[in-house]
Amino acid sequence: MTNILTPMAQARADSVPMLVISGVNERSSLGLGLGHLHELPNQQALCTQVAVTSTQVSREDELLPALNQAFDDFSSKRPGPVHIEIPTDVMGLDYELVTDAISHKKSTAQSVIPSTDTAAQQLAEGNNIVILAGGGARHTEAVLTQLAEYLSAPVVQTSNARGLMHQHPLCVPASPSLKAVRQLIADADCVLAVGTELGSTDYDMYRDKAFPTLNGLIRIDICPQQLARHQADICLQGDAKLILESLQQELQALSPEKPKQPESLKSERGHQRAAQTRTAALDELSEDYQQHIRLLNLIRDTFPSSILVGDSTQLIYAGSMYYDHDCAGSWFHAATGYGALGYSIPAAIGAALAAPERQVICISGDGGAQFSFAELMTAVQEKLPIIFIVWNNRGYLEIENSMVEVDIAAVGCDPIPPNFEYLAKACSMPYLACSADVDEFAVTLEEGKKMIEGTARTQPIMIEISV
Amino acid sequence: MSTTVGEALVKYLESSDVEVIFGIPGVHTIELYRGLSQSGIRHITARHEQGVGFMADGYARVSG
């Protein structure tokens with residue numbers, strides 16, 4: 001059980017629905033400390049700290065309500081890891097499941113959403129609106145775009161929202177930790193925050209606490225506890241898509257004569273504010289980061305509509321700062337949120353299983369890869385055509401740089417990487433190598449694409465970029 | 001023929017359209033695997049329980 005707590009914490013931080021079913025020792029032995037296998041002082045209490053809920057099925061007839069509750073919660077609340085533990089002496093008890101009693105499949109209840117008229121009024125009066133989109137907005141693309149256009153509002157995106165409104169003139173796929181993005185937000189007279197916890201790994205990555213006050217803040221979130229954590233003028237609790245649709249309708253009702261396309265002057269100004277922010281945000285970044293972003297763009301353009309799964313590694317850190325993915329929900333990583341190293345290789349495997357027709361590209365550093373490269377064999381065994389890119393800078397370079405910056409002699413940042421070519425060979429996986437030069441990487445990616453197609457998408461490959 | 005809690009769990013997941021599960025069977029969980037081979041659910045065996053969780057995370061983000 002303890003081995004899965006880290007992924008559960010990651011899922012909790014990023015609101016990912018996950019059902020974790022575990023065993024636990026037989027009921028009569030719990031809490032006695034008698035030295036049983038896998039014994040913990042109180043496994044369920046431990047899990048309660050990380051899971052959204054943790055339930056023990058201590059009798060056979062408790063299985064059904066526990067599962068019903070878990071599935072109901074996934075569809076109606078802020079998602080997260082749900083834990084159900086079954087004692088070893090309960091697992092084998094006789095129990096007949098009546099499938100008609102599976103309640104979540106029968107649920108026809110419509111989601112209730114709050115009244116949006118006051119919020120619509122405030123938005124209608126705003127002259128300089130900015131939208132902050134988080135992971136909770138990733139299924140709202142059509143209405144979000146419509147609303148942004150209607151309000152001429154630039155849309156700033158956290159990592160989990162990237163891919164929304166790709167290349168749209170109002171899209172700002174840049175971190176709100178950057179000065180340029182903060183300026184855009186500070187200048188707004190009304191901020192609409194959709195499905196974002198306003199967490200520091202997106203909004204204050206450098207921990208300088210210089211994030212501006214959010215004027216006229218309207219928050220939309222499915223989670224009431226989350227809404228209570230920040231001061232806001234208006235809180236709208238419920239499904240983000242439904243609330244945005246309601247807002248859009250209210251706005252149109254407020255000014256029925258207003259054409260669907262906003263007046264060109266205001267629209268032009270919105271586009272201008274977004275474009276200026278994009279340019280200034282990119283200019284703020286180091287040449288190294290800008291180079292990393294060019295590599296990410298190259299991956300995206302070589303494999304359109306692919307799924308990019310990242311670890312905590314320099315390419316991904318750069319992408320967190322600025323990267324415009326081409327489809328929503330398809331760029332995710334562990335560099336923001338809980339921040340567990342070793343995330344990308346197994347998460348890419350899960351992604352490839354969920355979308356076998358799409359190209360999945362995993363980007364890890366040599367450090368992060370060493371946390372979980374045993375899972376490469378799972379990709380081989382399941383015949384998943386993932387491209388595993390290893391950014392090999394021979395150590396924890398980002399951490400080393402951080403230590404040096406504050407005058408700490410770098411210690412512990414130089415784990416020797418394995419020979420990745422041999423590692424790929426040991427996993428019977430085709431291997432390609434290149435430098436971080438854009439042109440060289442482009443040739444290697446094309447070669448990788450041919451390899452994947454050549455094996456009829458039944459085999460993963462590895463590309464090592466030596467930095 | 002009567003079934004067990006472990007078999008009922010598999011039946012529930014299958015009835016709820018769960019197609020893929022991630023796990024590593026161990027002595028503590030073998031009874032949860034009874035009935036799995038007869039079901040339509042695909043079981044992915046990870047190499048570490050941390051992998052199990054991260055795989056489920058990646059799967060959920062893409063399928064949900």
Cross-link list A:LYS179/A:LYS209; A:LYS383/B:LYS11; A:LYS77/A:LYS241; A:LYS383/A:LYS425: which exceed 18 angstrom alpha carbon to alpha carbon?
A:LYS383/B:LYS11
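Which of A:ASP89, A:ASP283 has the fewest other C-beta atoms within 10 Å, and how do the rest follow up to the most?
Neighbour counts put them in this order, fewest first: A:ASP283, A:ASP89.
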Please compute the average number of Cβ atoms from other chains found within 10 Å of each residue's Cβ in peptide A:340-349.
6
Largest-first principal axis extents, alpha carbons of the range A:117-284, Å:
45, 37, 25
Unit charges on C-beta of K, R, D, E only; dipole of chain B, Debye:
120 debye
Take the alpha-carbon centre of the range A:424-451, take the same for the range A:1-66, and report the distance between them in whole Å.
42 Å
Considering only A:VAL411, A:ALA354, A:MET377, whose Cα is most displaced toward the positive end of the charge dipole of chain A, charges sitting on Cβ of Lys, Arg (+1) and Asp, Glu (-1)?
A:ALA354
Averaged over the residues of B:38-50, the number of partner chain Cβ atoms within 10 Å of each residue's own Cβ comes to 5
Suppose every Lys and Arg Cβ carries +1 and every Asp and Glu Cβ carries -1, with no other charges. What dipole size does the range A:117-284 come out with about its Cα centre, to the nearest 20 debye?
360 debye
Rounded to whole Å and sorted largest first, what semi-axes of the equivalent ellipsoid does the C-alpha gyration tensor of the range A:355-427 yield via the square root of 5 times each eigenvalue?
30, 14, 8
What's the angle, to the nearest 10 degrees (0 to 90), between helix B:5-15's Cα axis and the longest principal axis of chain B?
60 degrees
Mean Cβ neighbour count within 10 Å, used as a protection proxy, ranking A:316-326, A:441-451 highest first
A:316-326, A:441-451
Suppose each label sits 7 Å from its Cα in the direction of the beta carbon; what would the A:ASP117-A:ASP414 distance come out to in nanometres?
7.0 nm
At 37 °C and 0.692 mPa s, the Stokes-Einstein diffusion coefficient in µm²/s for the protein assembly as shown, with hydrodynamic radius from the Kirkwood sum on alpha carbon pairs, is 133 µm²/s
For chain A, the helices passing both cut-offs (Cα extent along own axis of 18 Å or more, Kyte-Doolittle mean at least -0.5, full DSSP H runs) are A:63-76, A:240-254, A:438-454
So what's the angle, to the nearest 10 degrees on a 0 to 90 scale, between helix B:49-63 and the longest Cα principal axis of chain B?
80 degrees
With both bridge residues required to lie in the protein assembly as shown, what share of the DSSP beta bridges run antiparallel, to the nearest 5%?
5 percent
Using a simple spin-label model with points 7 Å from Cα along the Cα→Cβ vector, what separation in nm is obtained for A:GLU39 and A:GLU268?
7.7 nm
In nanometres, the difference between 0.36 nm per residue of separation and the alpha-carbon distance of A:VAL380 and A:ALA124 is 86.7 nm
Farthest toward positive dipole pole in chain B [+1 Lys/Arg, -1 Asp/Glu at C-beta], among B:GLY40, B:GLN50, B:LEU9
B:GLN50
Counting other beta carbons within 10 Å of each Cβ, put A:SER344, A:SER255, B:SER16, A:SER402 in order, fewest first.
A:SER255, A:SER402, B:SER16, A:SER344
Rounded to the nearest 500, the 222 nm mean residue ellipticity computed for chain A from DSSP H runs (n ≥ 4, each -39500 (n - 2.57)) alone is -11500 deg cm²/dmol
When Cβ neighbours within 10 Å are restricted to other protein chains, what is their mean count per residue of peptide A:55-67?
2
Take the eigenvalues of the Cα gyration tensor for the range A:87-172, scale each by 5, and report the square roots as semi-axes in whole Å, largest first.
43, 19, 11
So if I restrict to the alpha-carbon atoms in the range A:382-467, what is the Rg, and what is Dmax, the biggest pairwise distance, in Å?
15.8, 52
Would you mind checking the radius of gyration and Dmax of the range B:5-63 based on alpha-carbon positions, in Å?
11.5, 31
Spin-label pair A:GLU287/B:GLU19, simplified geometry with 7 Å Cα→Cβ offset, distance in nm
4.8 nm
Grab the Cα-Cα distance for A:LEU254 and A:ALA280, subtract it from 0.36 nm times how many residues apart they are, and report the gain in nm with one decimal.
5.8 nm
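A short reminder: the numbers here are calculations on the coordinates, not readings from a lab. Values in this document were obtained by computation on a predicted structure and should not be read as measured data. So basically every Cβ, Gly included, is an ideal-geometry build from the backbone, and we count neighbours across all protein chains shown.
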